[in-house]
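Input: a single structure, listed below in structure tokens.
Just so you know, all these numbers are worked out from the coordinates, no wet-lab data involved. Computed from a predicted structure; not experimentally measured. Please note: Cβ atoms are built from the backbone with ideal geometry, for glycine as well, and neighbour counts cover all protein chains shown.
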Amino acid sequence: MTADALTTPIARHIWETKYRWHGEHGNGDRRPDDTWRRVARALAAVEPRDRSAWEERFYHSLAQLRFLPGGRILAGAGTGRRVTLFNCFVMGLIEDSMDGIFEALKEGALTMQQGGGVGYDFSTLRPAGSRARRGGTIASGPVSFMRIWDSMCETLISTGNRRGAMMGVLRCDHPDIETFIDAKRDGHELRQFNLSVLVTDDFLQAVREDRDWPLLFPAAQLDGTTGHGETLPRAWSGQREAVPCRVLRRVSARALWERLLRASYDVAEPGVLFIDRINRLDNLAYRERISATNPCGEIPLPPYGACDLGSLNLPRFVRQPFTPRARLDLAAIEAETRLAVRLLDNVIDASHFPLPRQQAQAQGSRRIGLGITGLADALLMLGMAYGEAAARDTAADLMRRICHTAYRTSCELAREKGVFPFFEREPYLRGEFIRRLPAELRRQIAEQGLRNSHLTAIAPTGTISLLANNVSSGLEPVFDFHVQRRIRQADGSYRTFAVEDYAHALWRRQGGKAGQGAALPAAFVSARELPPEAHLGMQAALQPHVDNAIAKTINIPGDYPFDAYRSIFEQAYALGLKGCTTFRPNPVTGAILSRETAEAAPVHCCDIDREPA
């Protein structure tokens with residue numbers, strides 16, 4: 001048994017309420033060490049050989065908090081319960097019929113019942129007021145049906161299930177896009193959803209050129225009286241090739257963009273997904289088309305795709321912190337990456353799946369999402385301020401090493417255990433992301449194949465970072481060094497903890513002092529002190545080494561002028577990001593973190609802490 005690594009009250013609380021298995025007849029987890037052993041044994045059990053050796057390696061990684069698996073893995077592995085070990089899924093396309101809509105609702109409910117969050121593209125539903133070609137029924141529109149999902153999710157929460165997490169997306173050329181953009185302005189509307197708009201390259205070009213923008217829908221699903229008869233070809237959601245779409249009306253592209261920006265500024269939603277870039281960079285673009293993501297946005301997925309997530313806890317790899325000799329142990333990080341890839345690959349074989357099609361998709365692609373957490377704390381321990389160029393360069397080099405090590409490991413696993421079933425050598429090697437890898441690594445893929453279609457993603461890690469004694473979340477800067485943190489309980493109430501940032505606490509234990517009026521060292525910069533460009537710069541530095549995507553919330557001060565805010569999403573696009581989400585304090589969304597007080601508006605799944613586990 002190792003010493004208990006959970007040294008803070010909030011870490012113990014997170015373990016007790018979210019990840020401890022209480023079991024039956026006294027066979028549950030009595031201490032955190034039992035949780036690490038339970039998970040390690042369950043994931044080593046799918047190894048074809050040397051199971052006890054792999055169990056020990058997995059166990060020591062978990063017990064020392066070097067690697068933090070996604071919450072569903074920690075909560076479910078080895079319990080014997082029929083639960084999924086995947087945090088989230090993108091669900092199947094919603095057929096535009098009552099049967100199709102309620103079948104999709106049922107699939108979502110079954111998935112959430114087993115602990116998985118869900119993402120949906122609602123673009124397949126006819127716009128409000130349109131008539132169907134068959135039957136002549138009048139559509140009520142996507143947002144009206146999203147309310148049914150919202151009620152379903154809220155009902156599941158009330159029955160004692162984990163807090164619901166859903167992503168709802170809509171195309172920027174859907175005729176109901178304005179209703180979708182404004183939906184969250186009502187403080188009671190769609191509270192269980194995160195919302196994002198699928199923004200295309202053509203739309204952004206139309207914004208730049210101040211052109212009209214057609215709002216349209218597949219003509220085959222509309223009767224002849226709808227619209228003015230003009231059709232344009234579009235690769236609509238669920239379609240591999242372009243289909244004729246009837247133009248229902250035209251709007252100013254700039255006015256629509258302004259409406260989206262105003263909503264995100266006022267109520268923090270919707271975010272944007274640069275969907276053409278997501279599909280161009282998809283390693284499996286030769287066989288799938290993506291139109292949605294998991295609830296936090298770090299995994300763009302095809303229908304029935306799943307998130308298999310875990311994060312390297314970077315502060316654990318800083319040697320001689322807060323000294324002139326501080327450094328990252330890159331060899332240890334690479335060794336941990338190799339172990340983490342194997343562990344996450346095993347999750348695919350160890351997990352239950354709510355739906356057979358989810359199992360087929362996960363086992364066909366064997367997608368995993370290995371990421372990082374505690375980046376800002378690690379940089380502090382190295383003496384680097386988050387917004388500095390040196391910090392971005394260090395982070396980029398680190399992520400590059402993790403990415404390349406993960407791909408090499410997946411090649412080795414392919415030789416040992418077999419390639420992922422959807423692998424097709426030539427089209428895979430032509431992928432835009434794969435072409436950016438080093439030549440020797442591409443040769444290895446050509447010779448050995450890969451075990452996993454995708455390997456890297458950076459998740460928000462809000463909850464597992466608290467488990468790791470409040471390290472900074474994902475690649476986010478430190479929110480503040482002392483905060484009041486509200487944690488939702490099983491009964492829906494909240495408990496507040498006074499928490500200290502991990503790096504700040506370590507700095508104090510090593511003799512650092514910041515008393516009344518005393519200044520912290522220059523590197524100790526909080527999120528509220530950073531301009532949006534610093535957030536974007538860090539995300540852009542890491543994105544080239546992430547084949548899935550990055551969940552990143554750009555914190556915007558409440559008094560930040562809208563005229564300056566206008567350019568943030570366009571900067572994100574210009575920097576090569578796959579999406580952008582902002583958070584500016586507002587009376588609708590509330591807050592989960594505060595510096596002095598726990599008094600805040602009720603929170604929901606779309607607050608600044610977007611980790612669904």
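Sorted fewest first by neighbouring Cβ atoms within 10 angstrom, T7, T79, T35 come out as T7, T79, T35.
The length gained by stretching the chain between E424 and R81 to full extension, at 0.36 nm per residue less their Cα-Cα distance, is 119.9 nm. Under a 5 Å amide H cut-off, with hydrogens placed 1.01 Å from N, D308 pairs with G369 among residues at least 5 apart or on other chains.
Distance from the Cα centroid of the range 541-561 to that of the range 324-382 is 20 Å (rounded to whole angstrom).
Pop out the ³J(HN,Hα) list for the range 65-80 in order, Karplus 6.51 cos²θ - 1.76 cosθ + 1.60 with θ = phi - 60°, rounded to Hz; leave Gly and Pro as x. Each residue of the range 65-80 in turn: 6, 6, 10, 10, x, x, x, 5, 5, 4, 6, x, 5, x, 8, x Hz. Across all directions, the average projected area of the convex hull around the alpha carbons of the chain is 26.8 nm². Across the range 356-366, rounded Karplus estimates of 3J(HN,Hα) from the backbone phi angles (6.51 cos²θ - 1.76 cosθ + 1.60, θ = phi - 60°) give x, 5, 5, 5, 4, 5, 5, 6, x, 9, 6 Hz, Gly and Pro being marked x. In the chain, helical runs assigned H by DSSP with n ≥ 4 each contribute -39500 (n - 2.57); averaged across all residues and rounded to the nearest 500, the mean residue ellipticity at 222 nm is -11000 deg cm²/dmol.
For P303, the shell of other residues with beta-carbons less than 10 Å away shows a net charge of 0, using +1 for Lys and Arg and -1 for Asp and Glu. Treating the Cα atoms of the range 255-360 as identical point scatterers in vacuum, please give the log10 of the normalised Debye intensity I(q)/I(0) at q = 0.12, 0.22 Å⁻¹, two decimals. Evaluating at q = 0.12, 0.22 Å⁻¹ gives log10 I(q)/I(0) of -0.72, -1.16.
Order by neighbour count: H454, H482, H404, fewest other Cβ atoms within 10 Å first, most last.
Neighbour counts put them in this order, fewest first: H482, H404, H454.
Magnitude of the charge dipole for the chain, about its Cα centre and with charges confined to Cβ atoms of Lys, Arg (+1) and Asp, Glu (-1), is about 1080 debye.
For the range 94-292, taking Cα atoms only, Rg and Dmax work out to 16.8, 51 Å respectively. Each DSSP beta bridge with both residues in the range 94-292 is either parallel or antiparallel, and the antiparallel ones are about 50%.
This ranking places I181, I157 by how few other beta-carbon atoms lie within 10 Å of each, fewest first, which gives I157, I181. Scanning residues 5 or more positions from E230 or on other chains, those with amide H under 5 Å from its amide H are V247, with H placed 1.01 Å from N in the peptide plane. A straight line joining the Cα centroids of the range 45-116 and the range 459-510 runs 24 Å.
For the residue pair D50 and D4, what label-to-label distance in nm results when each label sits 7 Å from Cα along the Cα-to-beta-carbon direction? Computed distance between label sites D50 and D4 equals 3.4 nm. Residues whose amide H comes within less than 5 Å of that of G187, counting only those at least five positions distant or on another chain, are absent (H built at 1.01 Å from N in the peptide plane). Across the range 1-139, counting alpha-carbon atoms alone, Rg and Dmax equal 21.3, 68 Å.
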